[in-house]
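The values are calculated or read from the model by the stated rules, or taken from the named source; none is laboratory data. On a predicted model such as this, the values are computed, not experimentally measured, just so you know. Every residue, glycine among them, receives a Cβ derived from its backbone with ideal geometry; neighbour counts consider all protein chains shown.
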Amino acid sequence: MADDKRHIDQLFKDYLSGYKAPAPKGAWERLQAEMQPKEKGLPLMYLRLAAAAILLFIAFSSGYFWSEFKNTDNSTVVSEMPNDIQQETTPENVIQNNSLQGTTTESLKNSIPETSNKQITKTDAGKFESAPLAQDAINQDIESQKQPAVQNEMALSENKEVLAETALPDENTVIVTTVEVPKTDELANQIDQDKNTIEPEKMSPEMLHQLLVGNDEAYANEIIPKSNKQLTQQWSVGAQFSPVYSYRNLSGDGFSTPDEQVEQDYFNDKENGLMAYAGGISLNYGFNDRLSLASGLYLSRIGQENEDVVAYDSPDSPYLYNLASSGGTVTINPQKFEKVMVREIDNTKDSVPGDYIVSGTFVQNLDYLEVPLVLKYKMLQSRFSVNLSGGLSPGILVNNRSYFSVDGEKVQTGYTENIKPVIYNSVMGLGIEYSISTKLSINLDPLFKYSLSPINSNSGIKYHPYSISWFTGITYKL
Amino acid sequence: MNQQEIIKGCIDRSNKAQQALYNLFADDMFGVCLYYSPDRSEAEDTLHEGFLKVFNNIASFKGEGSLKGWIRRIMVNTALEKFRKKSPLYVLDNDGYETAGDVDRENIISNISADDLITLIQGLSPQYRMVFNLYALEGYSHKEIAEMMKISEGTSKSNLARARAILQKKVKEYFYISSKTHNG
């Protein structure tokens, strides 16, 4: 017996010692290709990050400057000032094109509301109410009074001390401050005598706001009545990303394999939902302050995993196996899946192998390109807004794949059969949005999506996927 | 380029040196990978992964022993790692086996080749194949094999016996001079 052992060992040792076999063609090239990215992976990653950062910077810069340009054109007081005022200030080359300083002359006139004007003219120690001033704005206002082009220097400088005392603890805080103007009579007279005097007009909240905090309309939500805001019909674009938990709802009686009848209870027991991701570009159109239509282009993934997938001989071929899930069937050649399709050995003396048993988690993914049409309604409207949304989200199947997950590896198995190319989802959600500025906002939108029709066909089980997602993103108003 | 220059070049990630090293040992190592794998496809994977390890760890080669032996150990270890990843999936029945009797070298047909024997080895279950290779071809003890494969010594012995029995049977079945001729 010992000799037998030595003989067989020695036989193999003799023949295989120093055994060579020509290395496969292309093996070196594959090796080389795999080694190169590792060497260059890091710089390449940085290059990509840098490129992305530059693109983002350019995009936001363009948007910002475009936005600023537009604001300057539309809202600077200088452009709204009568020609005679501009003609007076321009020759001095001091406050030309300076909207803030330009504002001062007018605003000082306008900052005395009609009612206050009456008080000023009638009383020596009258009072007027003013919204708070940021220290910079105050200083600039005061400084502007020193410009030679503005002839009312004396009167304003006499108000300097009083105004300076109105410094606020927080420039973001909007409160009402009462400022004493001991020389209001003189100021009023000076203004009246000024050649550039224009008819006093009632100061609108927008103008007051511009005077106080500049053109940052982000604060306008808090002090400007909604009715006075600009028309809110506008487009906005953004980018959204979300983790997605998806699973499905089953209906129907089940279906038969060559060995057994498989019912939905089995699948409900063995299959689980899975986490994936979705993302895309959003495009919104606001009809008014509250109602908007949200659309865009999104790539979303749904799917499920199965710890104990049903496997049986394919009726179509003796060499193939069918892996059956509630969503559909995947046909594979088990010989190519040695890692997961383990051949049972009933008896080691028996040279005819038994059936295959499946080991590993079977995962099915379906990727859809969706174009949602969702109506959003702002229930709460402020810097923090709360949105209620509902609508449809049809999608086209762009990727259908399945794989075994074994020891952290993915062993691709092919596609799930009889999946319809289109999905019709209903969508509803409740989200919040926070306005960073006039143009920019961020959002968090939990969404629930449910397929209105089964996505599979030719099966005794109807498969309705649903998903819960938490979209977060950024939106830019055009 | 001599071996020292090749090693130094590989440490410096010289593509030329890496290719020289590959050309020098690829055929030998592919031979090793073939009898540690169930098929050619997995042997290619093992060769690929093994050489990646060689290039990534060449700096750790201290020159103790031959470079070829060092690379061969990496290939065997790579095959072993692949086996370990799969091992829980394989169902083995170690109960009973029948021996096929003595393998008499004189009775083996003369044109048997290493390729034929590799085919037989590849036909073994992964665990039998691994134990047989490590014991019979690499010269490891059962204790060492047990540690490497995370099995008991008893299992290693049992697997070796089973592998031998299967190989003996198949050698006789396919490569012996036919019993008629032999007996006659």
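Can you name the number of the only condition in (1) modelled with pLDDT under 90; (2) at the interface with chain A (Cβ under 8 Å from one of its Cβ atoms) that B:SER87 fails?
(2)
For region A:411-424, name all the residues that are in contact with a Phe, Trp or Tyr (Cβ under 8 Å, 6 or more places away or on another chain) and touching a residue at least 40 places away in the same chain (Cβ under 8 Å).
Scanning region A:411-424 gives A:VAL411, A:THR413, A:ILE423.
Can you work out which of the residues in region B:45-59 that are in contact (Cβ under 8 Å) with a residue 12 or more places away in the chain and of a type in the set (A, V, I, L, M) is nearest to the other protein chains (Cβ to nearest Cβ)?
Once the filter is applied, the top-ranked residue is B:LEU47.
Among the listed residues A:SER300, A:SER326, A:SER292, which satisfies the condition of being in a loop (DSSP other than H, G, I, E, B), modelled with pLDDT of 80 or more and either more than 22 Å from A:SER402 (Cβ to Cβ) or touching a strand residue (DSSP E or B) at 6+ places or on another chain (Cβ under 6 Å) (or both)?
The match here is A:SER326.
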